[in-house]
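Beneath this line is the structure, given in structure tokens, with notes to follow.
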Amino acid sequence: MQRCGYGILTTLLLHHAAFLDHLTPVGHPERPDRLRALHAALDHEDFATLQRVEAPLAGVESAMLCHSEAYVEAIRRAVPNEGLARIDMDTTVSPGSWEAAMRAIGAALYAVDAVISGRATNAFCAVRPPGHHAETMRAMGFCLFDTAAIAARHAQKAHGVERVAIVDWDVHHGNGTQEIFWSDPSVLYASTHQMPLFPGTGAPSETGVGNIVNAPLSPGDGTDDFKEAMRARILPAVRAFSPDLILISAGFDAHTRDPLAEINLQAEDFAWATAELMDIADRSANARVVSLLEGGYDLKGLAASAAAHIRQLMNA
Ligand SMILES: [Zn+2]
């Protein structure tokens, strides 16, 4: 199958040193070492053909695709000149946080532009801070701006893409993405996550205007339960939606080693889910998949899972 204009199958890796400068308190699970571990795993011949691109800086107006101007300005003002400033119990900002957040958005927009123009088949954005808990007017759960949601809106506004599916397999429910698209039938939000767990949303009864699909897992669930949730709920919904673009909120905190949850996935389970979504993208979305790092707090589990996911993306 011809998947892009030049017939070249390319996977992009969006990265930037600025993502290491978003600092959190000592002992906080969402820490710069996460990206160091991920990049160490990608320093392997398997990933030699990844096209590595430094994430550009997005303009502030990009954040306003999904957040109010007042909120965006409040976050900018909250960033301290030194030390750390607390936004809520879990969410802090440091002097480097603004640039990191704006480059996370810039990575997502660059990736969307590249896969829609056919310069790349798919992309992984190795970014922090994560995004899927950030609501229109509220930061929470380590997240400042909802990068995946902004990517979806950008695809629609800049490229005329009609239907975007966001699949979220982070072990926490993406309350922010759900809130942003709650009444928007042009975006499908499909999530599998542990319940009960932070942030408390994500019940199957939360369906928006028929565009929200929640398939919660129970503490202790593993590979078979995850695959069943994907096969029974998530994948049929994405297939039926016939998206023009698939975004993945790729958190790897459902890995069995992760300290923040009790789901027992293995790295290869993320490769399996990736392949399933790539298959749908091949049929309806000209293979276009953009994946964004969300959570994943055990360094070994994160590195192995992200590597398995990216290896599958490269196997288009
Ligand atoms: Zn998470």
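The values are calculated or read from the model by the stated rules, or taken from the named source; none is laboratory data. Computed from a prediction, not measured in an experiment: that's the story for all the values here. Cβ placement follows ideal geometry from the backbone for every residue including glycine, while neighbour counts extend to all protein chains displayed. Areas reflect the complete protein model, heavy atoms only, side chains present, ligands, DNA and RNA absent. Shrake-Rupley method; radii C 1.70, N 1.55, O 1.52, S 1.80 Å.
From (1) assigned to a helix (DSSP H, G or I); (2) of a type outside the set (A, V, I, L, M); (3) away from the ligand (no atom under 16 Å from the Cβ); (4) in contact (Cβ under 8 Å) with a residue 12 or more places away in the chain, pick out the condition that doesn't hold for Asp279. Here Asp279 meets the rest and fails (4). Any residue at all in region 68-76 that is closer than 25 Å to Arg288 by Cβ and either in contact with a His (Cβ under 7 Å, 6 or more places away or on another chain) or open to solvent by 30 Å² or more (accessible area, probe 1.4 Å) (or both)? The answer is no, given that none of the residues of region 68-76 is closer than 25 Å to Arg288 by Cβ and either in contact with a His (Cβ under 7 Å, 6 or more places away or on another chain) or open to solvent by 30 Å² or more (accessible area, probe 1.4 Å) (or both). Please tell me if Thr192 is over 27 Å from Arg76 (Cβ atoms), within 16 Å of the ligand (Cβ to nearest atom) and of a type outside the set (Gly, Ala, Ser). Criteria met by Thr192. Determine whether Ala134 is within 19 Å of His172 (Cβ to Cβ) and either modelled with pLDDT under 95 or crowded, with 22+ Cβ neighbours inside 10 Å (or both). Here the answer is yes, as Ala134 does meet what is asked. The single residue among Ile248, Ile234 that is touching a strand residue (DSSP E or B) at 6+ places or on another chain (Cβ under 8 Å), within 16 Å of the ligand (Cβ to nearest atom), modelled with pLDDT of 95 or more and not acidic (Asp, Glu) turns out to be Ile248.
Scanning region 51-96 for residues that are in contact (Cβ under 8 Å) with a residue 12 or more places away in the chain, farther than 23 Å from Ala155 by Cα and in contact with a strand residue (DSSP E or B) (Cβ under 9 Å, 6 or more places away or on another chain) yields Ile75, Ala78, Val79, Pro80, Leu84, Ile87, Asp88, Asp90, Thr91, Thr92, Val93, Ser94. Here Pro243 meets each of (1) in contact with a Lys or Arg (Cβ under 8 Å, 6 or more places away or on another chain); (2) under 26 Å from His28 (Cβ atoms); (3) open to solvent by less than 10 Å² (accessible area, probe 1.4 Å) with one exception, condition (2).
Residues in region 148-184 that are in a loop (DSSP other than H, G, I, E, B) and either closer than 17 Å to Pro130 by Cα or within 13 Å of the ligand (Cβ to nearest atom) (or both): Trp169, Asp170, Val171, His172, His173, Gly174. Checking each residue in region 137-147 for being in a strand (DSSP E or B) and either buried (at least 24 other Cβ atoms within 10 Å of the Cβ) or of a type in the set (D, E, K, R) (or both) picks out Arg138, Cys143. Being in contact with a Leu (Cβ under 7 Å, 6 or more places away or on another chain) and of a type in the set (Ser, Thr, Tyr) is true for just one of Ser249, Ser284. Which residue is that? The match here is Ser249. Restricted to region 262-272, and to residues there that are within 16 Å of the ligand (Cβ to nearest atom) and over 18 Å from the mean Cα position of the chain (by Cα), the residue that is nearest to Ala304 (Cα to Cα) is Asn264.
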